[in-house]
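Here's the structure, in structure tokens; my notes come after.
The values are calculated or read from the model by the stated rules, or taken from the named source; none is laboratory data. Given the structure is predicted, the values throughout are model-derived calculations rather than measurements. A quick note on method: Cβ atoms are made from the backbone with ideal geometry, for glycine too, and the neighbour counts reach across all protein chains shown.
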Amino acid sequence: MKGIKHMALDMDGTLYLGSRLFPWTQGFLKTLRDKGIGYTFLTNNPTRSVADYLAKLAGMGIEATEDNMLTTSLAAIDWIRSHLPGARRLFMLGTPSMVSQFEKAGFEAAADDPADRPDALVVSFDMTLTYDRLCRAAWWAKQGIPYIATNPDRVCPTEKETVLVDCGSIQKCIEEATGRRPDIVLGKPDPSMLEWIMQRHGLKPSEVAMVGDRVYTDMAMARNAGAVGILVLSGETTPQMLETVPLSQTPDYVFENVGALAEAIGL
């Protein structure tokens, strides 16, 4: 890992779990700063705006700015601007915080009304989801309008005794109802966010590491981008799950948590 100059850091399951900051996270970030290794907070969870994420991190004692924050909401906004330049009105399955991020970027939220035909459908991890809006999203998917999904995650990590149904599962619901899959699924494992980091900092793939707790998103993204994949076992992935991981999702390194990773970096 001597050649790594920048780390893309997954957050939930890697730096914290739900609202609980891991006790080793602050020491890990200090090690990166002491070693001159840059880092970007990168998440597939689009439920919060960048401002809300910065506030959450600050509440945990982690200093961050917009410059080192990258979410799938931002990735979706960039994709729509590049591929659907005329799109303005969007029907969105997403939290109010996520919708505010799109509105800040100049988009408008279409109403739950068949007369208000949107330019595109955006499906995301929506903890405020209602049955009526799910049905409306399925309707617009069936009409053939552009359909963008922010991330493929089936569930969201949590310390609570429940299952947080994530964007990938909502996509499956729409697919079962209509036969339609998204035109593009952004976020990890799509390599575009890592490629954005490389371009911004002038780095080669071998100089960038993706640090996360999931093989099918974090490690697959590293593979797809040609970057270094560092898996931590503090979130979704267990040692037993690693026994059946396909080659396309195999990590380069595995650590119990980022505290153990910090120890390795400090050697």
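Between K172, K160, which is out of contact with any Pro (no Cβ under 7 Å at 6 or more places or on another chain), among the basic types (K, R), modelled with pLDDT under 95 and surrounded by fewer than 18 Cβ atoms within 10 Å (Cβ to Cβ)? Residue meeting the stated conditions: K160. Filter the stretch 135-157 for residues that are among the charged types (D, E, K, R) and modelled with pLDDT of 95 or more; which is farthest from M221 (Cα to Cα)? The qualifying residue farthest from M221 (Cα to Cα) is R136. In the set (1) at pLDDT 95 or above; (2) touching an Asp or Glu at 6+ places or on another chain (Cβ under 8 Å), F102 fails one condition alone, (2). Filtered by the rule that a residue be free of Cβ contacts under 8 Å to residues at least 40 places away in the same chain and of a type in the set (V, I, T), the stretch 87-113 gives a lone residue, V99.
Pairs linking a residue in the stretch 241-267 that is more than 16 Å from V228 (Cα to Cα) and modelled with pLDDT under 95 to a residue that is of a type in the set (D, E, K, R) and part of a helix (DSSP H, G or I), with Cβ atoms under 9 Å and 6 or more positions apart or on different chains, are G266/D34. Considering the stretch 102-219, there are no qualifying strands (runs of 3 or more DSSP E) wholly inside with 2 or more residues that are closer than 26 Å to H83 by Cα and outside the structural domain of D78 (by TED's automatic domain parsing). Residues of the stretch 114-149 that are surrounded by fewer than 22 Cβ atoms within 10 Å (Cβ to Cβ), in contact (Cβ under 8 Å) with a residue 40 or more places away in the chain and under 22 Å from the mean Cα position of the chain (by Cα): M127, L129, L134, P146.
Taken as a whole, the stretch 70-83 holds at least one residue that is closer than 26 Å to I265 by Cβ, surrounded by 15 or more Cβ atoms within 10 Å (Cβ to Cβ) and either of a type outside the set (S, T, Y) or at pLDDT 95 or above (or both). Is it the case that some residue within the stretch 41-62 is among the acidic types (D, E), surrounded by fewer than 20 Cβ atoms within 10 Å (Cβ to Cβ) and in the same structural domain as I170 (by TED's automatic domain parsing)? No, the stretch 41-62 contains no residue that is among the acidic types (D, E), surrounded by fewer than 20 Cβ atoms within 10 Å (Cβ to Cβ) and in the same structural domain as I170 (by TED's automatic domain parsing). A64 falls short on exactly one of the conditions (1) touching a residue at least 24 places away in the same chain (Cβ under 8 Å); (2) in contact with a Phe, Trp or Tyr (Cβ under 8 Å, 6 or more places away or on another chain), and that condition is (1). No other residue among D132, D126, D116 is modelled with pLDDT of 95 or more and under 30 Å from Y16 (Cα atoms) apart from D126. For L32, the conditions (1) assigned by TED's automatic domain parsing to the domain that holds R214; (2) over 23 Å from T238 (Cα atoms); (3) surrounded by fewer than 19 Cβ atoms within 10 Å (Cβ to Cβ) are fulfilled apart from (3).
Residues in the stretch 1-18 that are touching a residue at least 60 places away in the same chain (Cβ under 8 Å), farther than 17 Å from A222 by Cβ and surrounded by fewer than 16 Cβ atoms within 10 Å (Cβ to Cβ): G18 alone.
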